[in-house]
Amino acid sequence: MSRISVRGFAVASATAVTAVGSVVGVASGSVAQNNDAEATASGTTLLADIPAGQQAQVQTASLTQQAETMAIAADASAKKDAEEAARKAAAETAVAKKQEAAEKAAKAEKEAKERAEAKAAASRSAVRDASDIAVQSSYSVADVQAIARQLVPADQFQCFSNIVDHESSWNYRADNPTSDAYGLVQALPGSKMASAGADWMTNPATQIKWGLGYMNDRYGSPCGAWNFWQANNWY
C-alpha cells in the first residue's frame, strides 16, 4: 500500500464522507416521497444495507483507495517536476562546459600566438650587434661567413646565406656595373646601408646588419625573403 500524507487522507476522508452522505440522503428522500417505490435498483447496495459491523471497513477501504489514487497522482507530478528539473540542470551544465571549453581554447590560442610572435621576434633579432665585431682591413669569404653566423639567428642563417650566394657570392665589395647595387646583399642603391653604419662600403658586418634588417622588415625574416627570391629571382 502506498504511503499517504495526513493531509491527503483528510481530504480523501472528507470526499468519501460527502459521497456516502449524498447516497444516504438521496435514498432517504426517495423513500419519503414515494413509500411504494423500491429504495434501490436491483444489485445496488446502500450503506444502510451493510451490517453495522462492516460499515467501518467499507468506509476505510473507500478512503484508502481514494488516498492511494491521490498519492499516485502526486508521485507522478513530483516525478515529472524532478525530470524537468534534471533536464534543465543538464542543459545548464552543458552550456557552462561549452563556454569553459571555448574560453580555454581561446586562451591556448592566444598563448600560442604570443609564443610564436616572441619566437619570431627573437629570430629576427641579431645574435650580436655589428659594433661588437672587430674591424679588419680586409676579409676573406670565410671571415665574412663567420661574421654572418654571429649576427644572423641560427634558424635563419641558411636562408640568408642562399640570398648572399646568389647576390654577391659573399663578396662584400661586389659592385653591380649596371646599377648602383652594392655589397653582400646588393642593396640598391648601396648608399642605403649608411643607415647601419658609415663604413658600409668596407665593413661586411655593417652590410649584414643592414641586410638582416631589410629582410626582416620587408619579408618578416631571411627565410621569408628567400621564399620570395626563389619565386621572383630578386627580393
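The values are calculated or read from the model by the stated rules, or taken from the named source; none is laboratory data. These figures come from a predicted structure and were not determined experimentally. All Cβ positions, even for glycine, are placed from backbone atoms using ideal geometry, and neighbour counts span all protein chains on display.
Count of segment 172-201 residues, restricted to those that are free of Cβ contacts under 8 Å to residues at least 24 places away in the same chain and in a loop (DSSP other than H, G, I, E, B), is 12. Does ALA52 meet the test of being modelled with pLDDT of 50 or more, loosely packed, with under 10 Cβ neighbours inside 10 Å and either in contact with a helix residue (DSSP H, G or I) (Cβ under 6 Å, 6 or more places away or on another chain) or hydrophobic (A, V, I, L, M, F, W, C) (or both)? When the stated conditions are applied, ALA52 passes them.
Table: residues versus (1) outside any helix (DSSP H, G or I); (2) over 60 Å from the mean Cα position of the chain (by Cα); (3) surrounded by 12 or more Cβ atoms within 10 Å (Cβ to Cβ); (4) modelled with pLDDT of 50 or more.
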| position | (1), (2), (3), (4) |
| --- | --- |
| ALA10 | no, no, yes, no |
| LEU63 | no, no, yes, yes |
| ALA71 | no, no, yes, yes |
| ALA74 | no, no, yes, yes |
| LYS80 | no, no, no, yes |
| ARG87 | no, no, no, yes |
| GLN99 | no, no, no, yes |
| ALA106 | no, no, no, yes |
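Exactly one residue among SER140, SER169 is among the small types (Gly, Ala, Ser), free of Cβ contacts under 8 Å to residues at least 40 places away in the same chain and on the phi > 0 side of the Ramachandran plot, and that residue is SER169. Report, by residue number, each residue of segment 202-216 that is touching a residue at least 40 places away in the same chain (Cβ under 8 Å) and either crowded, with 24+ Cβ neighbours inside 10 Å or more than 15 Å from GLN136 (Cα to Cα) (or both). Across segment 202-216, the qualifying residues are PRO204, ALA205, THR206, ILE208, LYS209, GLY211, LEU212, MET215, ASN216. Restricting the search to segment 150-180, which residues are under 15 Å from ALA205 (Cα atoms) and exposed (fewer than 15 other Cβ atoms within 10 Å of the Cβ)? Residue satisfying the conditions is ARG173 alone.
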